[in-house]
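S.K.: Quick one: this structure, given as structure tokens, is what I'll be asking you about.
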Amino acid sequence: MTDVPPPDVTVLSADQETVSLGFPLTDHSVGYRLQLDYFHRIHADSLITEACSSVQVEGLNPGTEYTFSISRIADDGNQSKATSLSVFTGKTEKYINRTKMNNHSVSE
């Protein structure tokens, strides 16, 4: 059943540069790999992994919304429809401090 997308994708964690996604294994998981495409305005990437219950994506930009699309790929190469979700990475302390400073007036 290649047309069955991965069910119930959940965000397990998200920090400044890493997002972990989880998906329960089902009877449809056997013999499939997962393709994970992710992107934001100027950064896009993809990874393929064996069917598993979670995957960690590293090297992301802090304070950025990423859209993740996850699909199954059968051994014969057929691909399912994708399940998609958006996740924000956390802001770095440096970025947060700079934002706070820019919102305050400095007088002598």
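The values are calculated or read from the model by the stated rules, or taken from the named source; none is laboratory data. Remember, predicted model here, so these are calculated numbers, not experimental data. For neighbour counting, all protein chains shown are included, and Cβ atoms are generated from backbone atoms with ideal geometry for every residue, glycine included.
S.K.: Collect the residues in region 32-52 that are more than 17 Å from Lys81 (Cα to Cα) and surrounded by 11 or more Cβ atoms within 10 Å (Cβ to Cβ), keeping them in residue-number order.
M.R.: Phe39, His40, His43, Ala44, Asp45, Cys52 - these are the residues of region 32-52 that are more than 17 Å from Lys81 (Cα to Cα) and surrounded by 11 or more Cβ atoms within 10 Å (Cβ to Cβ).
S.K.: Here is a further query. What's the number of the only condition in (1) modelled with pLDDT under 85; (2) surrounded by 12 or more Cβ atoms within 10 Å (Cβ to Cβ) that Ser20 fails to meet?
M.R.: Among (1) modelled with pLDDT under 85; (2) surrounded by 12 or more Cβ atoms within 10 Å (Cβ to Cβ), Ser20 violates only (1).
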